[in-house]
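Asks: Please find one structure pasted underneath; my questions will follow.
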Amino acid sequence: MLIFYEDWMIMEMKITKVGKGGTVTIPASIRRRIGIEDGAQVIAEETEEGVLIRPAVTVPVEVYTSERKAEFLLSNAVDRPSYQAAKKIVRQMGLDPDSVPHVECDGIMIRDGSCVS
């Protein structure tokens with residue numbers, strides 16, 4: 001069944017069944033139109049009218065290792081005192097600052113990433 005709204009929006013409505021464990025099959029024509037692919041995550045949200053199922057937006061999260069955190073600390077130091085403080089924190093993390101790949105800046109770091117005295 002197609003439903004027309006204000007002469008421009010077409011919505012498709014199909015009846016489907018709830019299977020074992022609450023599984024609901026979204027008809028392929030609807031999945032294609034709204035961009036839900038096999039294995040995609042969706043959000044099931046309770047509304048006053050019933051249940052709304054919509055695509056979920058997921059963002060991969062990077063889990064930083066201690067070495068990567070140490071690299072950030074050392075590379076983002078903007079002057080000699082902050083670099084020395086970063087080295088101290090890295091040592092407290094149980095790492096050798098000299099073995100962590102990073103950009104060392106004895107002066108002030110400027111916008112393009114280069115260092116000046």
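Asks: Consider Val63 against the criteria (1) in contact with an Asp or Glu (Cβ under 9 Å, 6 or more places away or on another chain); (2) modelled with pLDDT under 90: it satisfies all of them except one. Which criterion is unmet?
Replies: (1)
Asks: Go through (1) in the same structural domain as His102 (by TED's automatic domain parsing); (2) hydrophobic (A, V, I, L, M, F, W, C); (3) assigned to a helix (DSSP H, G or I); (4) over 21 Å from the mean Cα position of the chain (by Cα) one by one and return the number of the condition Ala77 breaks.
Replies: Unmet for Ala77, out of (1) in the same structural domain as His102 (by TED's automatic domain parsing); (2) hydrophobic (A, V, I, L, M, F, W, C); (3) assigned to a helix (DSSP H, G or I); (4) over 21 Å from the mean Cα position of the chain (by Cα): (3).
Asks: Can I ask one more? Of all residues in region 10-43 being charged (D, E, K, R) and under 26 Å from Pro60 (Cα atoms), which is modelled with the lowest pLDDT?
Replies: For region 10-43, the residue satisfying everything is Arg33.
Asks: May I pose another question? For region 17-27, which positions are exposed (fewer than 11 other Cβ atoms within 10 Å of the Cβ) and out of contact with any strand residue (DSSP E or B) (no Cβ under 6 Å at 6 or more places or on another chain)?
Replies: Lys17, Gly19, Lys20, Gly21, Gly22, Thr23
The values are calculated or read from the model by the stated rules, or taken from the named source; none is laboratory data. What you see is a predicted model, and the numbers here were worked out from it, not measured in a lab. Heads up, the Cβs are rebuilt from the backbone with ideal geometry, glycines too, and the neighbour counts pull from every protein chain shown.
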